[in-house]
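Before any comments, here is the structure.
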Amino acid sequence: MKIRNKLTLLFALIVSGLLIAFSLSVYILSANFRTDQFYSRLKDRAITTARLLLAVKEVDSGLLRIIDRNSLLLSQEHILIYNNDNELIYNSLEEDTTNISLNIINKVRLNNELRYDINDKEILGIQFHKETKHFVVIASAYDMYGRSKLQFLKLILIIGFILSITIIVFSGLIYSAQALKPISKVIYQVDAISATNLNSRVEEGNRKDEIALLAITFNKMLSRLESSFNLQKNFVANASHELRTPLTVIKGQIEVALLKNRTQIEYEEILNSIHDDIDNMNSLANGLLELAHASKDVSEITKNELRIDDIIWTVQTEMQKKKSYYKILIEFDNFPDNENDLLIFGNEHLIKSALSNIIDNSCKYSSDNTVNIKISFNKDGFLLEFSDKGIGISDSEINQIFEPFYRASNAKSQKGHGLGLSLTKKIVELHNGKILISSKINQETKVVIFFPKLI
Ligand code: ADP
């Protein structure tokens with residue numbers, strides 16, 4: 001069922017319930033009021049008749065009947081008076097021989113007053129005392145006006161109920177359609193968005209109500225999708241470009257070499273240069289492969305308990321084996337009492353690769369090829385701080401350096417593909433860590449990595 005119909009139905013059900021309860025209370029209260037009123041009128045009639053007959057000497061049954069016939073009577077009024085010995089001493093309708101059972105007369109004597117009804121006719125029995133005598137007066141009548149008024153009230157309530165419900169259902173349908181219109185609009189607009197027009201946005205309306213908030217949230221999601229889509233597109237374009245450049249250079253070198261006969265030394269030079277270019281391509285391919293590996297689902301990556309200090313020392317040794325001119329200085333700010341606090345749950349190869357990238361950057365972008373690594377521990381994990389006194393990164397570029405293939409304008413003189421930092425960030429995040437970079441152009445660069453410790 002559509003929300004629109006559901007809302008209308010719910011609304012109509014609630015209002016019907018309230019209306020039914022209201023109408024029933026009005027009807028029941030009116031019916032009770034009518035009965036009470038009619039019984040008190042009957043009582044008045046019974047007392048008046050008894051007084052006239054028993055207290056006024058000049059009035060006898062015949063005269064009383066004549067008086068009654070000429071006064072304003074209740075509909076189907078019938079009054080009977082019984083004496084002390086339960087003998088009928090007055091019957092307002094001579095022709096009506098309806099007799100009242102002794103049982104009822106006794107009940108009236110016992111309770112002083114008795115009310116009951118037969119076939120919609122209200123009957124009232126009261127005791128009337130005159131000196132030592134106790135009479136019983138039974139008055140009955142049909143409440144024609146009261147009952148017809150009640151009938152009319154019933155009709156009005158039923159018609160009112162049907163009319164109100166019809167109006168409520170229609171207005172509910174119109175109102176809910178109106179209220180849900182913005183949602184239909186959002187659905188329509190979202191439906192029109194595909195990969196080719198991810199830059200489109202949904203109208204945000206008044207930016208205040210829930211539907212506007214939904215549209216705003218949706219737009220935020222679209223922005224995130226758009227940027228990751230663009231990143232993806234740029235990634236492929238950049239990767240192809242990075243691979244094509246060395247290939248073009250290699251092709252150019254071979255073509256130049258083939259133009260004429262060359263000496264042994266010249267051929268060696270050309271082959272060495274091609275070898276360098278292939279090395280370059282190799283490192284790019286390795287970088288891409290590692291990035292793909294680090295982009296896998298966390299569950300697909302094998303993790304073990306590792307000692308962070310061991311990893312740092314190993315990375316230092318391995319780096320120095322490759323580039324002996326790098327100066328990698330390691331300093332422990334504090335050392336945990338418990339050796340378990342040195343443990344991290346992670347993938348050894350990925351962590352090594354992340355740390356190597358940072359160390360390599362610090363050394364290659366500083367003239368003294370030196371990196372200072374400070375390691376400190378706290379209750380949550382450990383901080384690794386890598387600082388160098390190198391070329392630095394400008395404020396305008398520092399926010400982009402984690403994007404794949406991005407290289408700052410002052411870094412082009414050094415070899416690189418701009419993949420290291422984005423790979424490092426991915427690896428750190430895969431281990432629930434954080435990475436921050438701060439820099440002052442031509443002065444220093446500091447990279448801080450936090451890894452949570454094994455709990
Ligand atoms: P690259 O292969 O270019 O070094 P990275 O992803 O490792 O790629 O780094 C991205 C860019 O960040 C670098 O090109 C450089 O502009 C800047 N960068 C990273 N580390 C440093 C540093 N220690 N000093 C100065 N610039 C740095």
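The values are calculated or read from the model by the stated rules, or taken from the named source; none is laboratory data. Quantities reported herein were computed from a predicted structural model and do not represent experimental measurements. Neighbour counts run over all protein chains shown; Cβ positions are idealised from the backbone, glycine included.
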* Quick one: in segment 419-455, of everything that is in contact (Cβ under 8 Å) with a residue 24 or more places away in the chain and under 20 Å from residue 236 (Cα atoms), which residue is nearest to the chain's Cα centre (by Cα)? => 426
* Structure fact -> Just one listed residue, out of 342, 329, is over 19 Å from residue 388 (Cβ atoms) and touching a strand residue (DSSP E or B) at 6+ places or on another chain (Cβ under 6 Å), and it is 342
* **Inter-residue pairs, beta-carbon under 6 Å, first aliphatic (A, V, I, L, M) and in segment 402-417, second near the ligand (Cβ under 8 Å from one of its atoms) and not in a loop (DSSP other than H, G, I, E, B), 6+ apart** => 408/397
* Structure fact -> Going through segment 55-109 in order, the residues found to be in contact with a His (Cβ under 9 Å, 6 or more places away or on another chain) and either outside the structural domain of residue 42 (by TED's automatic domain parsing) or of a type in the set (Ser, Thr, Tyr) (or both) are 92, 98
* Asked: Could you say which residue among 392, 418 is out of contact with any helix residue (DSSP H, G or I) (no Cβ under 7 Å at 6 or more places or on another chain) and modelled with pLDDT under 95?
  -> 418
* **Candidate set from segment 314-363 (those that are of a type in the set (Phe, Trp, Tyr) and over 29 Å from residue 413 (Cα atoms)); member that is nearest to the ligand (Cβ to nearest atom)** => 332
* Matching residues, segment 92-104, being touching a residue at least 12 places away in the same chain (Cβ under 8 Å) and surrounded by fewer than 19 Cβ atoms within 10 Å (Cβ to Cβ) -> 93, 94, 96, 98, 100, 102, 104
* Hey, residue 75 closer than 30 Å to residue 165 by Cβ and small (Gly, Ala, Ser) or not -> no
* Picking from 61, 25, which residue would you name as being touching a helix residue (DSSP H, G or I) at 6+ places or on another chain (Cβ under 8 Å) and of a type in the set (Ser, Thr, Tyr)? -> 61
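Each row is one residue, and each column tells you yes or no for (1) in contact with a Gly (Cβ under 8 Å, 6 or more places away or on another chain); (2) basic (Lys, Arg); (3) not in a helix (DSSP H, G or I).
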residue: 66; (1), (2), (3): no, no, no
residue: 76; (1), (2), (3): no, no, yes
residue: 79; (1), (2), (3): no, no, yes
residue: 86; (1), (2), (3): no, no, yes
residue: 94; (1), (2), (3): no, no, yes
residue: 97; (1), (2), (3): no, no, yes
residue: 104; (1), (2), (3): yes, no, no
* Structure fact -> Within segment 14-62, restricting to residues that are of a type in the set (Lys, Arg) and farther than 14 Å from residue 128 by Cβ, the one that is surrounded by the fewest Cβ atoms within 10 Å (Cβ to Cβ) is 57
* **In segment 375-411, the residues that are crowded, with 19+ Cβ neighbours inside 10 Å and within 7 Å of the ligand (Cβ to nearest atom)** => 388, 390, 391, 392, 393, 401, 408, 411
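Restricting segment 286-316 to residues that are of a type in the set (A, V, I, L, M) and surrounded by fewer than 14 Cβ atoms within 10 Å (Cβ to Cβ), which is modelled with the highest pLDDT?
289
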* Asked: Within segment 417-430, can one find any residue that is away from the ligand (no atom under 13 Å from the Cβ) and surrounded by fewer than 17 Cβ atoms within 10 Å (Cβ to Cβ)?
  -> yes
* Residue by residue through segment 226-257, note down the ones that are over 15 Å from residue 280 (Cβ atoms) and of a type in the set (A, V, I, L, M). => 231, 236, 237, 254, 256, 257
* Asked: Does segment 232-250 contain at least one residue that is free of Cβ contacts under 8 Å to residues at least 60 places away in the same chain, part of a helix (DSSP H, G or I), over 29 Å from residue 417 (Cβ atoms) and assigned by TED's automatic domain parsing to the domain that holds residue 288?
  -> no
* Sole exception among (1) surrounded by fewer than 13 Cβ atoms within 10 Å (Cβ to Cβ); (2) touching a His at 6+ places or on another chain (Cβ under 6 Å) for residue 346, by number -> (1)
